[in-house]
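Peer 1: Okay, here's the structure, questions in a sec.
Only the coordinates and a few stated rules stand behind these numbers; no lab work does. Because the structure is predicted, anything quoted here is derived from the model rather than measured. Positions of Cβ are backbone-derived with ideal geometry, glycine not excepted, and every protein chain shown enters the neighbour counts.
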Amino acid sequence: MMNKQVLPFPADFMWGTSTSSYQIEGAANEGGRVPSVWDTFSRVPGKVVDGDHGDIACDHYHRYPEDIALIQKLGFKHYRFSIAWPRIITAPGVINEEGLAFYERLLDEVEQAGLIPMVTMYHWDLPQWIEDKGGWTNRAVLEQFREYASVVMERFGSRVGWWNTINEPYCASILGYGTGDHAPGHQNWYEAFTAAHHLLLSHGIAMELHREKGLSSQIGITLNMEYVDPASDAPQDVAAAARRDGFLNRWFAEPIFHGRYPQDMVEWYGDQAQGMDFVHEGDLERIHQPGDFLGINYYARSVIKAASDHSLLQAEQVLFTEPVTDMGWEIHPDSLYRLLTRVQRDFTQGLPILITENGAAMKDELEHGVVKDESRRQYIQDHLVACHRFIQEGGQLHGYYLWSFLDNFEWAFGYSKRFGIVYVDYTTQERTPKESAKWISKVIQANSLEISETEAVSNVETR
Ligand code: PNW
């Protein structure tokens, strides 16, 4: 008989699953919604695989009662979703009551299912009318965001247990305005740094509003973070890895937790950041508000080699390291443990951390009503072992939200990548829980992981 090891989680551990508005809602032209930057960007030929867009997506806008019932049935206690800004503020100063009514109905459903909502204010669907005025690069966006955040907090403030201000300011700025991989698809580093600054400031603005309104709910931001390893001990690789960490992790975490941008990176960017002239007096104090928790989205580690091509912003090269998910992202659960340890030491200290996203894209196939996604189950299990180890050592990790509840619109990859624990047939909109979903249900039910000794051992190795 194989020996089993049981890894219990804390009694109040927050088991959740995550989605975002543009990725699942559909109903792009209903309920008074106006276009977002993703509606526009997905129409530009070549930007999204197969020319996919979110017009219908998972049709969650119409099927939310069924979806919430399924989340409940699977045993989750928490549900993280986002509000679509273009459903709420449809033109300067115009509040769309129909949009608010939709989220009211959704929250009713969530509450009736006994689920605790975490609501993300911004998960990348900027109204196109704001982008037309420069979007995140125009400081005027701060006033627009203030109005939007104020409206949703005023309306839902008391019902939302957990507010999440901004999802991944890195992706929204760097991929949106720097590399151009995401909407609005600009390629200008100065714009990217400016956008990042305004996204961070928006977090600060939401924090202030939350306090002014005297809300009792919890509030925090979500950062996507990677653990970065140099490809070798060579000084140039070590330096390149430090830059990658500076670019991806520290550029966002340091202003929030220490009220400053990392000086080494400011110097490295030099002209690209144009003397950081977008930083006004008082801005950093405003950003320097961690709130009640830090949300971390963790998917992979990156292994970095120095590049000879100095035209690259960080003069670095991200190596392709096996094994990988269908995204080509390295599966390295131990780096989640290392990342949590590092983030707690350097940034959060005692503040609660929540994994607001973790999961894997895999090539799933639906056969006779069953989706056998053993590699996803294994991915989730291994990452939960890493979480458990961190908690065991006194780490302040309070919850874990799986990305994602449903297969959905995976941004530049459209519907070609499946992250769900529930399979979506995009023709019939039928939902089928995958084997991983059935497994996680049991884990939540037991509030513990049961793993074989061999699996437990293979998880402790590093690098
Ligand atoms: C996150 N990258 O996005 C998002 O929060 C989700 O909306 C998304 O579906 C999920 O992770 C899976 O991709 C990311 O290129 C997108 O480094 C791209 C990157 C990181 C995170």
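Peer 1: Please label the shape of the chain as rounded, prolate or oblate, based on the square roots a ≥ b ≥ c of the eigenvalues of the alpha-carbon gyration tensor (a/c under 1.5 means rounded; beyond that, a/b larger than b/c means prolate, else oblate).
Peer 2: On the way: a/c = 1.37, a/b = 1.06, b/c = 1.30.
Since a/c stays below 1.5, the shape of the chain is classed as rounded.
Peer 1: Whose amide H sits under 5 Å from the amide H of I331, counting only residues 5 or more places off or on another chain, with H placed in the peptide plane?
Peer 2: Hits under the 5 Å cutoff: V324, T325.
Peer 1: Whose amide H sits under 5 Å from the amide H of I219, counting only residues 5 or more places off or on another chain, with H placed in the peptide plane?
Peer 2: Residues meeting the amide H criterion: W163, D292, F293.
Peer 1: Using a Förster radius of 22 Å, what is the FRET efficiency between M327 and N447 based on their Cβ-Cβ separation? Nearest 0.05, please. Can you show the working numbers first?
Peer 2: Numbers: r = 30 Å, r/R0 = 1.35.
Using R0 = 22 Å, I get an efficiency of 0.15.
Peer 1: Using the charge dipole of the chain (Lys, Arg: +1 at Cβ; Asp, Glu: -1 at Cβ; taken about the Cα centre), state which of A231, V303, V152 has its Cα farthest towards the positive end.
Peer 2: Value: V152.
Peer 1: First measure r as the distance between the Cβ atoms of Q187 and K372, then evaluate 1/(1 + (r/R0)^6) with R0 = 45 Å and state the FRET efficiency to the nearest 0.05. Numbers along the way, then the final one.
Peer 2: Numbers: r = 41 Å, r/R0 = 0.91.
It comes out at approximately 0.65.
Peer 1: Using +1 at the Cβ of each Lys and Arg and -1 at the Cβ of each Asp and Glu in the chain, identify which of F13, N249, I287 lies farthest towards the dipole's positive end.
Peer 2: Sorting the options by dipole projection puts first F13.
Peer 1: Further, regarding this structure: Based on alpha-carbon centroids, what's the gap between the stretch 272-330 and the stretch 135-212 in Å, whole number please?
Peer 2: Computed from Cα coordinates, the inter-centre distance equals 17 Å.
Peer 1: Shifting gears a bit: For the stretch 166-171, in order, what is each residue's ³J(HN,Hα) by Karplus, 6.51 cos²θ - 1.76 cosθ + 1.60 with θ = phi - 60°, in whole Hz (x at glycine and Pro)?
Peer 2: Coupling constants for the stretch 166-171: 10, 8, 6, x, 4, 5 Hz.
Peer 1: So how strong a dipole does the stretch 4-460 carry about its Cα centre when Lys and Arg Cβ are +1 and Asp and Glu Cβ are -1, to the nearest 20 debye? Kindly include the intermediate steps, with their values, before the conclusion.
Peer 2: Values: 38 positive and 64 negative charges, 161 e Å.
That gives a dipole near 780 debye.
Peer 1: A follow-up question, please. Taking the Cβ of each residue in W189, W85 as the centre, tally the other Cβ atoms inside 10 Å and list the residues starting with the fewest.
Peer 2: Working: W189 18, W85 27.
Neighbour counts put them in this order, fewest first: W189, W85.
Peer 1: Please rank F247, F145, fewest neighbouring Cβ atoms within 10 Å first, as an exposure proxy.
Peer 2: Least crowded to most crowded, the residues run F247, F145.
Peer 1: Within the chain, what is the longest stretch that has no GluC sites (Glu not before Pro) placed in a DSSP loop and near at most 12 other beta-carbon atoms within 10 Å? Write down the numbers at each step before the final one.
Peer 2: Values: sites that count: E281, E365, E393, E461.
After excluding every exposed loop site, the longest remaining stretch is 1-280.
Peer 1: Next question. If you keep only loop residues by DSSP, which trypsin sites (Lys or Arg not before Pro) in the stretch 277-375 have at most 14 other Cβ atoms within 10 Å of their Cβ? Walk me through the numbers before you get to the answer.
Peer 2: Values: sites: R286, R301, K305, R338, R342, R345, K363, K372; in loops: K363, K372.
Within the stretch 277-375, the qualifying trypsin sites (Lys or Arg not before Pro) (loop, at most 14 other Cβ atoms within 10 Å) are K363, K372.
Peer 1: Pop out the ³J(HN,Hα) list for the stretch 272-287 in order, Karplus 6.51 cos²θ - 1.76 cosθ + 1.60 with θ = phi - 60°, rounded to Hz; leave Gly and Pro as x.
Peer 2: These are the phi-based 3J(HN,Hα) values: 4, 9, 6, x, 6, 5, 7, 8, 9, 4, x, 4, 5, 5, 5, 6 Hz.
Peer 1: Can you list the HN-Hα couplings for the stretch 441-447, worked out from phi with the Karplus curve (6.51, -1.76, 1.60; θ = phi - 60°), rounded to whole Hz and with x for Gly and Pro?
Peer 2: 4, 5, 4, 5, 4, 7, 6
Peer 1: Quick one: which residues, 5+ away or cross-chain, put their amide H under 5 Å from the amide H of S36? H built at 1.01 Å from N.
Peer 2: Result for S36 returns Q128.
Peer 1: On to the next question. Tell me what the chain gives for mean residue ellipticity at 222 nm when only DSSP H runs of n ≥ 4 count, each as -39,500 (n - 2.57), the sum divided by the residue total, rounded to 500 deg cm²/dmol.
Peer 2: Values: 16 runs with 165 residues, N = 463.
Using -39500 (n - 2.57) per qualifying helix, the result is -10500 deg cm²/dmol.
Peer 1: Sorted from fewest to most neighbouring beta carbons within 10 Å, what does the list I205, I421, I440 look like?
Peer 2: Numbers: I205 21, I421 30, I440 25.
The order, fewest Cβ neighbours first, is I205, I440, I421.
Peer 1: Note the count of lysine pairs whose C-alpha atoms are less than 17 angstrom apart in the chain, limited to pairs 8 or more residues apart or on different chains.
Peer 2: Total qualifying Lys-Lys pairs in the chain comes to 16.
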